[in-house]
1. Would you mind stating whether Gly14 is of a type outside the set (S, T, N, Q), within 16 Å of Leu61 (Cα to Cα) and surrounded by 14 or more Cβ atoms within 10 Å (Cβ to Cβ)?
2. If Tyr100 meets every condition in (1) aromatic (Phe, Trp, Tyr); (2) under 30 Å from Gln22 (Cα atoms); (3) modelled with pLDDT of 90 or more apart from one, which number is that one?
3. I'm checking my understanding of the structure. Among residues of region 103-120 that are surrounded by 11 or more Cβ atoms within 10 Å (Cβ to Cβ), hydrophobic (A, V, I, L, M, F, W, C) and outside any helix (DSSP H, G or I), which one is modelled with the highest pLDDT?
4. Give the residue that is nearest to Gln7 (Cα to Cα), with candidates limited to residues of region 18-71 that are acidic (Asp, Glu) and in a loop (DSSP other than H, G, I, E, B).
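The values are calculated or read from the model by the stated rules, or taken from the named source; none is laboratory data. Everything numeric here is computed off the predicted structure, so don't read it as measured data. Using ideal geometry, Cβ is built from the backbone for each residue, glycine included, and neighbour counts are taken over all protein chains shown.
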Amino acid sequence: MRKLELQDRKGRIGLQWTVDGQRYSLYGLGNTDSHSDKAKAEALVRAIEADILEKCFDPTLERYKAGLSKAVKRLGTPVEMFAKWVEALKVSDKTYRVHYEPVLQVLMKQDVRSFHPALK
């Protein structure tokens, strides 16, 4: 078995290891700059290592994925996202009134659930 170590994958925590000639990996375990994410990932490393030593390693990785929760950043409603995007563009007042305000008005009239059923 190749030693399990935390890896930095573009600011995200990942794991890669080999058991009985089969390569395994888990990515998206949190941010490398978060102490709590690192601690959770290190606990996961210890759990996987213990399972390998006890010969009860789950090759489907479901046991290890179950404890992971993905951080979900709330983006807001489509209207809020559009407004933030337009604000970030820093367009002139005239450009805003001519090009972006009409789109914003249409978005505001729409039922948010029409964009995607998961939105409320």
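1. Taking the combined requirement at face value, the residue satisfies it.
2. Tyr100 satisfies every listed condition except (2).
3. Of everything passing the filter in region 103-120, Phe115 is modelled with the highest pLDDT.
4. Asp33
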